[in-house]
Amino acid sequence: MKLKKLPIGIQTFKKIINENYTYIDKTQIAYNLINDYQNVFLSRPRRFGKSLFLDTLHNIFEGNKELFKGLYIYDKWDFEDKYPVIKISWGGNLKTLESTNKKAISILKDNQKRLGVECEDMQDASICFDELIKKTYEKYNKPVVILIDEYDKPILDNLDNTTIAIQNRDFLRGLYVMLKENDAYIKFAFLTGISKFSKASIFSGLNNLTDISLNKRYGNICGYTQENIEYYFKEYLVDVDLKKVQSWYNGYNFLGQKVYNPFDLLQYLDTKEFKNYWWESGNPYFLIEILKKGDYFIPNVENLKTDESLLNSFDIEKLKLEVLLFQSGYLSIDKQFQKRDKIFYTLKVPNKEVQISLNELFLMYLTDRVDFDIQDNIYDSLYEADLQMFKNSLISLFASIPYNNYVKNNISNFEGYYASVIYTYLASLGVEMIAEDVTNRGRIDLSIKLNDKIYIIEFKMQSEDALSQIKEKNYHQKYLNNSKEIYLVGINFDEDKKNITKFEWEKVEVGCG
């Protein structure tokens, strides 16, 4: 039997089915979704399979039954009951309001041609969209299905230019309001995107739109579960270290099972090389601009507790780094819990790929460079427990940071800046760490687990004795049951010298409590 091909970058359902590509059957989810709701919104990070799911819905509603043979929905959906589909998919240059309007008109023209209807007003996109819905309903005597992919792209493409982003937001508001105005003519509407703007911000009173982004029943609507890859890609997993694959590419959590980003997993199965595939396919450097607008203690950014309001509070004029990181896929849900009758979440970096890449980006912000020699030296020194080499590497690191990096934000006056630099260097190496590690006597600034060693690190400014605090509060007792070597490290910084002034360490002897 011929091995099925890997559907790398393919978003067309018909092509996957007809050309012997592997398809992860999502049609049960599609079937339930269609039966449960009329107007649906889904937020997921880029390259997560939103477009393919949308195209699957397109083929279901158009009644292309032959494509679904062998899939869950094949004998459950009435494919004879066909519906006309209007599809909007944003792409191209959307860097001005004029180009966004031009693209909208082009999209509407394509739909008119495919559906055999004609709008009288081709100058105003909103009026044309309104006409298109009504005339399609009249021609086919059937309610219309509307599928909108990347609904927010005209905004997100302009996060570096707030004026254009706001203009495009207002333009989209005028377009999407037609979904509400034409509710009587619509069978089903499905919108996907990366960001979750409030309904007041962009949907202008579209209060019948159901957001399933964090609906547990639809947590696996996009992405691959562990069960998926072990079943559908079994032939590709021969001699593969599955635990390592999980640590690199799994870990996204939308309250269903943890899932892989399909783009990552497929690229890895093709090359069998551990690389930053998803990260390198985008351009996240707009995050640097957000970082510059606030003084962020980086370890806190990667271990956040938040409520639903923050996760849903994307606001162009008041961008919050943590919201952007979550909605863009650089942070994912770790746990969900309830307190004071409110739902809260803890967020974390989903996997090693994002951990390495995101922290290299943070290093560019904090230090203007990523020194690969220093990275190697830091890793080797901790792996071998060569604390003198670790000390020398850190001193070289801070000595190499340009002076203007210390004066560009207030955090450089506090230990948080120095701790952030060390933390991000270690995180960019894929090292397992816990910032603000809780014990029964307080919080360890940083715990590091590498190979057969645990490092407990305390940071202080100038004259405070960092090592003494670790010993006085017995921070190491938390890890005495581990069969690992434990090292206590106290590091002092001087804001005038911009470097380490005191570096002490001790190894915990077995039996010492």
(request) Give me the angle, in degrees from 0 to 90, between the Cα long axis of helix 352-367 and the longest principal axis of the Cα atoms of the chain, rounded to the nearest 10. (result) 70 degrees
(request) Just need the relative contact order of region 224-280 here, percent rounded to a whole number, with Cα pairs under 8 Å and 6+ apart. (result) 32 percent
(message) Cross-link candidates for LYS478: which lysines have Cα within less than 19 Å, leaving aside residues fewer than 8 places away along the same chain?
(response) LYS449, LYS453, LYS507
(request) State the extension gain, in nm to one decimal, for the chain segment bounded by LYS471 and SER106, taking 0.36 nm per residue of separation less the distance between their alpha-carbons. (result) 124.6 nm
(message) Below 16 Å, Cα to Cα, which lysines can LYS82 reach? Residues fewer than 8 away in the same chain don't count.
(response) LYS65, LYS139, LYS142, LYS187
(request) Please figure out what share of the DSSP beta bridges in region 366-507 is antiparallel and state it in percent, rounded to the nearest 5. (result) 70 percent
(request) Measure nothing fancy, just the Cα-based angle from helix 387-399's long axis to the longest principal axis of the chain, in degrees from 0 to 90, nearest 10. (result) 60 degrees
(request) Quickly rank 62-72, 348-358, 377-387 as a protection proxy: mean count of other C-beta atoms within 10 Å, highest first. (result) 348-358, 377-387, 62-72
(message) Please list, ordered by chain and number, the residues whose modelled amide H lies under 5 Å from the amide H of MET461; skip anything fewer than 5 residues away on the same chain.
(response) PHE493
(request) Would you count, across region 282-376, every pair of lysines whose alpha carbons are under 28 angstrom apart, provided the pair is eight or more residues apart or spans two chains? (result) 29
(request) With a Förster radius of 30 Å, plug the Cβ-Cβ distance of LYS507 and ALA399 into 1/(1 + (r/R0)^6) and report the FRET value to the nearest 0.05. (result) 0.65
(request) Return the ratio Rg/(2.2 N^0.38 Å) for the chain, where Rg is computed over Cα atoms only. (result) 1.11
(message) For the chain, what does the relative contact order come out to in percent, with C-alpha contacts under 8 Å and a separation of six or more?
(response) 11 percent
(message) What does DSSP give for the chain in terms of the percent of beta bridges that are antiparallel, rounded to the nearest 5?
(response) 55 percent
(request) Could you list which residues have their amide H under 5 Å from that of PHE344, counting only those 5 or more apart in sequence or on another chain, with H placed in the peptide plane? (result) PHE337, GLN338, LYS339
(message) Less than 12 Å apart at the alpha-carbon level, and either on another chain or at least 8 residues along: which aspartates and glutamates does that give for LYS15?
(response) ASP55
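For region 55-161, calculate the relative contact order in percent as a whole number, restricting contacts to Cα pairs under 8 Å that are 6 or more residues apart.
It comes to 32 percent, rounded to a whole number.
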(request) Could you state the angle between the C-alpha long axis of helix 50-61 and the longest principal axis of the C-alpha atoms of the chain, as a value from 0 to 90 degrees rounded to the nearest 10? (result) 20 degrees
(request) Over all alpha-carbon pairs in region 224-280, figure out the percentage whose distance exceeds 14 Å. (result) 50 percent
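None of the figures in this text is laboratory data; all of them are computed from the coordinates on show. None of the values given here were measured: they were computed from a predicted structure. Please note: Cβ atoms are built from the backbone with ideal geometry, for glycine as well, and neighbour counts cover all protein chains shown.
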